Amino acid sequence: MRGDVLRNHLELLVLTALEAGPAHGYSIIRGIRERSDGEFQLLEGSLYPALHRLERDRLVTSSWSNVAGRKRRVYKLSQKGRATLEQQERDWRRFERAMNLVLEGR
Amino acid sequence: MTIDDYLAELERQLRRRRAPRVRLLREAEDHLRDLCAELAADGLADEQAEARAVTRFGGAATIAARFAEATASTSAHRAVTVAAAAFVAYAGVVVAFATAASPLFRDFPQGAGSFLALQPAALALGVALVRSLRWRGVRATPTAELTAIGRALSVAAAALIGAAVAEAAVALTRPAGVIAWSHGRWLTLAFAAAFAVLLLSSIAAVRAAVQARAVDSPPTRHAHDGAAALLADDVETLLARARLPQASLVVRGLLAHQWQATVALAALAFVAVSAAGALSSGRAGLAGAAALGAVEASLVVFSFAAFGRPLGLREPARHRTR
């Protein structure tokens, strides 16, 4: 899928990936790729500006942790992030339903 | 390209856009090493794995630009909040001083600088607030809007700092016993506190302006071209959110006839200030009140002429569309 299309939904993808539990950048990207059955091939570096912005908006928190013997920045979904995820999921479902109606009417 | 070469290029690109570097570089390196190890485990030679990892991560200029964009957005919105707090603090102190030195301007020129500066500062802050409220919470604020916010905040900060410095200079150079505004210790402390907040706000404003300019590197020569049209769109969006779409017609009308609107506002200011002065000082002070009204009207016209373009309220003639 085209990167610019994905870019508009990166926030929802990241928040969804973090819903399962705290994770560092690389595992978030892997999680998104695996859950989309390889369909979502993000420009991997674009994840970090998005993560930093989500952190500044207090949707995620982060801290350095030891993961497999290496120090990494691990991100965690905040309460506000969880609420935002639920809202964005509702918005997406509504959009998806409307789009399907339009396409089925062809 | 090797991972080390890529990280060096990413650092250069981030530095060029004045974005924070340390954490992003550390995370990028971790990510690239992990990805490289995964690709090598899949059978790629080390050199190929590094090159593939770098490609998948994205061009250094693209990643740096996205990061700088996100950083500049946050800085700009935060700077607007700090500037609003600084404005309220300073205006509060000025009102307190004015009340303590009643009647107003008894020991002129103490207070004159603030009286003059608070108005363009309020206008600049208003412009920045409109733009910030329109784009707050959106993934990335457009660069043109960030530049306009940074410029408006710089104008507001410069006006207020200039006023505060002028007040301090006047207070410190007046003979003992005439300095009505600095009689009370608490007023002096409040003034010092407001001045400190103003300095913080100025730093935040300059930082936001510099980051915004650096996002779109190299900056265009006429970065503020089209800013008035963007402002009109922002106002319309905010009014639509407030369920007041009809009001946007008025805004469009004002922006289409900017000088006429400014002159009308100046006339209104003259009448209001003269009337207020005449009411408070009686018939004897009519000439003084009219003079004060004329100063206020001139200030309105001067502010629009001097700050209209940097604030994105008016545009060069070649960019106006009718």
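The values are calculated or read from the model by the stated rules, or taken from the named source; none is laboratory data. The structure presented is a predicted model; accordingly, all values stated were derived computationally and were not measured. Cβ placement follows ideal geometry from the backbone for every residue including glycine, while neighbour counts extend to all protein chains displayed.
Within segment A:66-106, track down each residue that is in contact (Cβ under 8 Å) with a residue 12 or more places away in the chain and under 23 Å from B:L32 (Cα atoms). It would help to see each step written out before you state the result.
First, the residues of segment A:66-106 that are in contact (Cβ under 8 Å) with a residue 12 or more places away in the chain: A:67, A:72-78, A:80-82, A:84-85, A:88-89, A:92.
Passing the criteria: A:V67, A:R72, A:R73, A:V74, A:Y75, A:K76.
Give segment B:59-81 a look and list any residue that's of a type in the set (G, A, S) and more than 17 Å from B:A8 (Cα to Cα), or say none. Give the derivation first.
Restricting attention to segment B:59-81, the residues satisfying the condition of being of a type in the set (G, A, S) are B:59-61, B:64-65, B:68, B:70, B:72-73, B:75-76, B:79.
If the condition is that a residue be of a type in the set (G, A, S) and more than 17 Å from B:A8 (Cα to Cα), then B:A70, B:A72, B:S73, B:S75, B:A76, B:A79 are the ones that fit.
Report whether or not B:A85 is surrounded by fewer than 16 Cβ atoms within 10 Å (Cβ to Cβ), farther than 18 Å from B:V210 by Cα and under 23 Å from the mean Cα position of the chain (by Cα).
Answer is yes for this residue.
Restricting to segment B:54-88, count the residues that are more than 10 Å from chain A (Cβ to nearest Cβ) and among the aromatic types (F, W, Y). Talk me through it step by step, then tell me what you get.
Our first condition is that a residue be more than 10 Å from chain A (Cβ to nearest Cβ); within segment B:54-88, this holds for B:61, B:72, B:76, B:79-88.
Narrowing the set further to residues that are among the aromatic types (F, W, Y) leaves B:87.
Number of matching residues: 1.
Conditions (1) surrounded by 19 or more Cβ atoms within 10 Å (Cβ to Cβ); (2) in a helix (DSSP H, G or I); (3) at pLDDT 75 or above, marked per residue:
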| site | (1), (2), (3) |
| --- | --- |
| B:V178 | no, no, no |
| B:W186 | no, yes, no |
| B:F195 | yes, yes, yes |
| B:S202 | yes, yes, yes |
| B:L231 | yes, yes, yes |
| B:A267 | no, yes, yes |
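Identify all residues within segment B:21-32 that are at the interface with another protein chain (Cβ under 8 Å from one of its Cβ atoms) and either within 16 Å of A:Q41 (Cβ to Cβ) or surrounded by 16 or more Cβ atoms within 10 Å (Cβ to Cβ) (or both); write none if there are none.
B:L24, B:E27, B:A28, B:D30, B:H31
Which ones in segment A:23-62 are more than 12 Å from chain B (Cβ to nearest Cβ) and either in contact with a Phe, Trp or Tyr (Cβ under 8 Å, 6 or more places away or on another chain) or closer than 18 Å to B:E27 by Cα (or both)?
A:A23, A:G31, A:I32, A:V60, A:T61
Report, by residue number, each residue of segment B:204-229 that is farther than 15 Å from B:V127 by Cα, crowded, with 16+ Cβ neighbours inside 10 Å and at pLDDT below 70.
Matches in segment B:204-229: B:D216, B:A223, B:D225.
Being away from chain A (no Cβ under 11 Å), of a type in the set (K, R) and at positive phi narrows it down to one residue among B:R12, B:R18; which is it? Quick ask: steps written out before the conclusion?
On the way: B:R12 fails: at positive phi.
Within the list B:R12, B:R18, the selection yields B:R18.
Scan segment A:16-27 and tell me whether some residue there is under 26 Å from B:R136 (Cα atoms), out of contact with any strand residue (DSSP E or B) (no Cβ under 8 Å at 6 or more places or on another chain) and in contact (Cβ under 8 Å) with a residue 24 or more places away in the chain. Talk me through it step by step, then tell me what you get.
Narrowing segment A:16-27 to residues under 26 Å from B:R136 (Cα atoms): A:16-19, A:25.
If we keep only those that are out of contact with any strand residue (DSSP E or B) (no Cβ under 8 Å at 6 or more places or on another chain) too, we end up with A:16.
Filter once more, keeping what is in contact (Cβ under 8 Å) with a residue 24 or more places away in the chain: A:16.
Yes, segment A:16-27 has at least one match.
Every residue in segment B:9-43 that is over 35 Å from the mean Cα position of the chain (by Cα) and not acidic (D, E), please.
Restricting attention to segment B:9-43, the residues satisfying the condition of being over 35 Å from the mean Cα position of the chain (by Cα) are B:29-43.
Within segment B:9-43, B:H31, B:L32, B:R33, B:L35, B:C36, B:A37, B:L39, B:A40, B:A41, B:G43 qualify.
Conditions tested, residue by residue: (1) at negative phi; (2) acidic (D, E).
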{"site": "A:L10", "(1), (2)": "yes, no"}
{"site": "A:A23", "(1), (2)": "yes, no"}
{"site": "A:G31", "(1), (2)": "yes, no"}
{"site": "A:G38", "(1), (2)": "no, no"}
{"site": "A:L42", "(1), (2)": "yes, no"}
{"site": "A:Y48", "(1), (2)": "yes, no"}
{"site": "A:R82", "(1), (2)": "yes, no"}
{"site": "A:E86", "(1), (2)": "yes, yes"}
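Here is a list of conditions, (1) over 30 Å from B:V165 (Cα atoms); (2) more than 14 Å from chain A (Cβ to nearest Cβ); (3) touching a Gly at 6+ places or on another chain (Cβ under 7 Å), and B:F97 meets all of them except one; can you say which number that is?
Unmet for B:F97, out of (1) over 30 Å from B:V165 (Cα atoms); (2) more than 14 Å from chain A (Cβ to nearest Cβ); (3) touching a Gly at 6+ places or on another chain (Cβ under 7 Å): (1).
So if I check each of A:S65, A:S36, A:S46, which one is in contact with a strand residue (DSSP E or B) (Cβ under 6 Å, 6 or more places away or on another chain) and closer than 30 Å to B:T55 by Cα? Steps first, please.
Numbers: A:S36 fails: in contact with a strand residue (DSSP E or B) (Cβ under 6 Å, 6 or more places away or on another chain); A:S46 fails: in contact with a strand residue (DSSP E or B) (Cβ under 6 Å, 6 or more places away or on another chain).
The conditions single out A:S65.
Yes or no: A:L51 assigned to a helix (DSSP H, G or I) and closer than 23 Å to B:S73 by Cα?
Details: assigned to a helix (DSSP H, G or I): yes; closer than 23 Å to B:S73 by Cα: yes.
Judged against the criteria, A:L51 is a match.
Only one residue in B:L35, B:L44 is over 30 Å from B:A144 (Cβ atoms), aliphatic (A, V, I, L, M), more than 14 Å from every other protein chain (Cβ to nearest Cβ) and without any contact (Cβ under 8 Å) to a residue 24 or more places away in the chain. Which one? Walk me through how you get there before you give the answer.
Numbers: B:L35 fails: more than 14 Å from every other protein chain (Cβ to nearest Cβ).
Just a single option satisfies the conditions, and that option is B:L44.
Would you mention how many residues in segment B:112-159 are outside any helix (DSSP H, G or I) and either aliphatic (A, V, I, L, M) or touching a helix residue (DSSP H, G or I) at 6+ places or on another chain (Cβ under 8 Å) (or both)?
Selection size over segment B:112-159: 6.
Answer yes if at least one residue in segment A:59-79 is at pLDDT 90 or above, over 22 Å from B:A60 (Cβ atoms) and in a helix (DSSP H, G or I), and no otherwise.
Yes, segment A:59-79 contains a residue that is at pLDDT 90 or above, over 22 Å from B:A60 (Cβ atoms) and in a helix (DSSP H, G or I).
Considering only residues that are surrounded by 12 or more Cβ atoms within 10 Å (Cβ to Cβ) and under 18 Å from A:G31 (Cβ atoms), which ones fall in segment A:63-77?
A:S65, A:V67, A:R72, A:R73, A:V74, A:Y75, A:K76, A:L77
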